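Student: The following block contains the structure, expressed as structure tokens.
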Ligand code: SF4
């Protein structure tokens, strides 16, 4: 009996090899550099969308922006800064009055505590000035690395890469990182760009997340990153998307 002709495994192996070498060739550093280059063209002006006139105002507005939109914060801060124009005034605020002013930003009781605690610390420990060192900023109530990096980069023009939900989400979609923890994402991205670009890169990613790469409906067809984005055209899977039921 003639031996059965076996299918040549050649094609399967080479396809596998190709996939592996493609994976190995993906370079997150080069990808970040290219994304940063294109975003700088797409968004030549770097804009912080929280209205402010000085470091104290930006720090206060950023504390208020937790779990709240910048648009809402910008509706609240004019009255806030008229009533409390500097850290001394805010440090001595009546908590109930302060809570009433910031109520619409949500979590107003803890935000009021943080704002007053931040202002008291500025007055008592920093002569009423906002410090520029991240190690000092993160000791202030309500201030984590994200807020500290916003102040560092926007006000002091110092290296600081704030990772908010947009920056984390887009970094993962674009293949810049696989990490979820914002601090780990920040430290990974820091490796890929010069310090002078950290702040502007973060602000541009935020703008792109708001204008094009929406969390639920990314507009891949008009996105200038589509040809290099590993998520282009893929269905969005996230907490807002129901996964198909598992087959039993
Ligand atoms: S191609 Fe789509 S998923 Fe990728 S960054 Fe652009 S909008 Fe977002």
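Here, each number is a calculation from the coordinates, and none is a lab measurement. The model shown is predicted, which means the values in this text are computed figures rather than measured ones. Using ideal geometry, Cβ is built from the backbone for each residue, glycine included, and neighbour counts are taken over all protein chains shown.
Student: Between residue 196 and residue 34, what is the label-point separation in nm under the 7 Å Cα-to-beta-carbon projection?
Tutor: Inter-label distance under the simple model: 2.5 nm.
Student: To continue, here is another question. At a 10 Å Cβ-Cβ cut-off, how would you order 198, 88, fewest neighbours first? Mind dumping the intermediate values first?
Tutor: Working: 198 23, 88 13.
Ascending Cβ contact count within 10 Å gives the list 88, 198.
Student: For segment 137-189, what is the Kirkwood hydrodynamic radius in Å, using each pair of distinct C-alpha atoms?
Tutor: It works out to 11.4 Å.
Student: Now for a different question. Grab the eigenvalues of the alpha-carbon gyration tensor for segment 104-248, scale each by 5, take roots, and send me the semi-axes largest first in whole angstrom.
Tutor: Details: eigenvalues 222, 77, 34 Å².
Whole-Å semi-axes of the equivalent ellipsoid: 33, 20, 13.
Student: Relative contact order of segment 55-155: what whole-number percent is it, with Cα pairs under 8 angstrom and at least 6 residues apart? Could you put the intermediate results ahead of the total?
Tutor: Numbers: 107 pairs, mean separation 30.6, N = 101.
Computed value for segment 55-155: 30 percent relative contact order.
Student: For each of 26, 81, 201, count neighbouring Cβ atoms within 10 Å of the residue's Cβ, then give the residues from fewest to most.
Tutor: Going from least to most buried by this count: 26, 81, 201.
Student: Ok, one more. Evaluate the distance, in nm, between pseudo-label points positioned 7 Å from the Cα of residue 103 and of residue 79 along their respective Cα→Cβ axes.
Tutor: 0.9 nm
Student: A follow-up question, please. Using 0.36 nm per residue, how much length does the chain from residue 221 to residue 172 gain when fully extended, once their Cα-Cα distance is taken away? Don't skip to the answer; put the middle values down first.
Tutor: Working: separation 49, 0.36 × 49 = 17.64 nm, distance 1.89 nm.
Length difference between fully extended and current span is 15.8 nm.
Student: How far is helix 28-42 tilted, in degrees, relative to the longest principal axis of the Cα atoms in the chain, given as a value from 0 to 90 rounded to the nearest 10?
Tutor: 60 degrees
Student: Does segment 55-155 come out rounded, prolate or oblate by the C-alpha gyration tensor, with a ≥ b ≥ c the root eigenvalues, rounded set by a/c under 1.5 and, if not, prolate when a/b is larger than b/c and oblate if not? Please report the intermediate quantities before stating the final value.
Tutor: Values: a/c = 1.67, a/b = 1.23, b/c = 1.36.
Oblate is the answer for segment 55-155, as a/c is 1.5 or above yet b/c matches or exceeds a/b.
Student: Measure off 7 Å from each Cα along the Cα-to-Cβ vector at residue 214 and residue 51, then give the distance between these two points in nanometres to one decimal.
Tutor: If labels sit at residue 214 and residue 51, their model points lie 2.6 nm apart.
Student: What translational D, rounded to a whole number of µm²/s, comes out for the chain from Stokes-Einstein when the hydrodynamic radius is the Kirkwood one over Cα pairs, at 20 °C and 1.002 mPa s?
Tutor: Working: Rh = 20.5 Å.
Reported coefficient: 104 µm²/s.
Student: Continuing with this model, one more query. Where does the Debye-calculated log10 I(q)/I(0) of segment 88-133 sit at q = 0.14, 0.18, 0.21 Å⁻¹, using only Cα point scatterers of equal weight, no solvent?
Tutor: Debye curve over Cα of segment 88-133, log10 I(q)/I(0) at q = 0.14, 0.18, 0.21 Å⁻¹: -0.34, -0.53, -0.67.
Student: Test of understanding: ordering 56, 192 by Cβ neighbours within 10 Å, fewest first, what list do you get?
Tutor: Details: 56 23, 192 20.
Lowest to highest Cβ neighbour count: 192, 56.
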